[in-house]
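A short worksheet on the structure shown next.
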Amino acid sequence: MPPIPGSGLAKGLAVTLRTMTKRSHTAQYPEVQPELPPRSRGVIGLFEENCTVCMLCARECPDWCIYIDSHKETVPAAAPGGRERSRNVLDRFAIDFSLCMYCGICIEVCPFDALFWSPEFEYAETDIHELTHERDKLREWMWTVPAPPALDPAAEEPKEIAAARKAVEKAETAAAAAAPAAAAEANPGTTAPDSDPAPEGDA
């Protein structure tokens, strides 16, 4: 059956009339802050202590908006006769949010949990060049990162925790088995009685 001429216009006007009869709700921003979802993608916070300058985030970024500079320092040997080691020291970590498309790839590929999503979104600037934020600003946003959601009590135990727990249980079992042998070696002249002596007067 062909559509009735003008039915689309009538539906549109009906929606308009229904909307006109409802009371409008205006958010009084910025006096009243919006209620954002707990894991909103606002900006990216940097936990500088975890960054090892592996460059994975900069290499995987599809927009090439992450800029990292570093230098190497020699770490003296921890023990006499040991070998000196070198480590990377972070000099600059900046993100150009005028290029960032908030895909989150940098956060996903970071192997040391140095990057996190922050719900902060009020960072507009009058100059586009000021949207490149250095590590000091990224670190300030780190303290606004919400806590991770609670684990599902019915979920399977993580493999790392299960392996660590089994290793501890195995070590405790081995220590408990070795304790009687160690006590016997410490006191070779004492032996445990086989049975209690019979009381006097029993025939």
Name the residue, out of Ala114, Ala192, Ala124, that is loosely packed, with under 11 Cβ neighbours inside 10 Å, modelled with pLDDT of 85 or more and not charged (D, E, K, R).
Ala124
Any residue in the range 19-47 that's at pLDDT below 85: show its pairings with residues that are surrounded by 13 or more Cβ atoms within 10 Å (Cβ to Cβ) and outside any loop (DSSP other than H, G, I, E, B) at Cβ separation under 7 Å, as long as the two are six or more apart or on different chains.
Arg39/Trp117
Hits in the range 71-96 - residues which are at pLDDT below 95 and crowded, with 17+ Cβ neighbours inside 10 Å
Leu90
Which condition does Pro5 not pass, out of (1) over 30 Å from His133 (Cα atoms); (2) surrounded by 14 or more Cβ atoms within 10 Å (Cβ to Cβ), if it passes all the others?
(2)
Evaluate the range 25-37: report whether one residue or more is among the hydrophobic types (A, V, I, L, M, F, W, C), surrounded by 13 or more Cβ atoms within 10 Å (Cβ to Cβ) and out of contact with any Ser or Thr (no Cβ under 6 Å at 6 or more places or on another chain).
yes
Scanning the range 127-138 for residues that are in a helix (DSSP H, G or I), open to solvent by less than 50 Å² (accessible area, probe 1.4 Å) and either touching a helix residue (DSSP H, G or I) at 6+ places or on another chain (Cβ under 7 Å) or closer than 21 Å to Val53 by Cβ (or both) gives Leu138
Going by what's in this entry, would Trp141 be described as of a type in the set (Phe, Trp, Tyr) and in a helix (DSSP H, G or I)?
yes
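The values are calculated or read from the model by the stated rules, or taken from the named source; none is laboratory data. Values in this document were obtained by computation on a predicted structure and should not be read as measured data. When we count neighbours, we look across all protein chains shown, and the Cβ atoms used for this are built from the backbone with ideal geometry, even at glycine. SASA here: full protein model, heavy atoms, side chains in, ligands and nucleic acids out. Shrake-Rupley method; radii C 1.70, N 1.55, O 1.52, S 1.80 Å.
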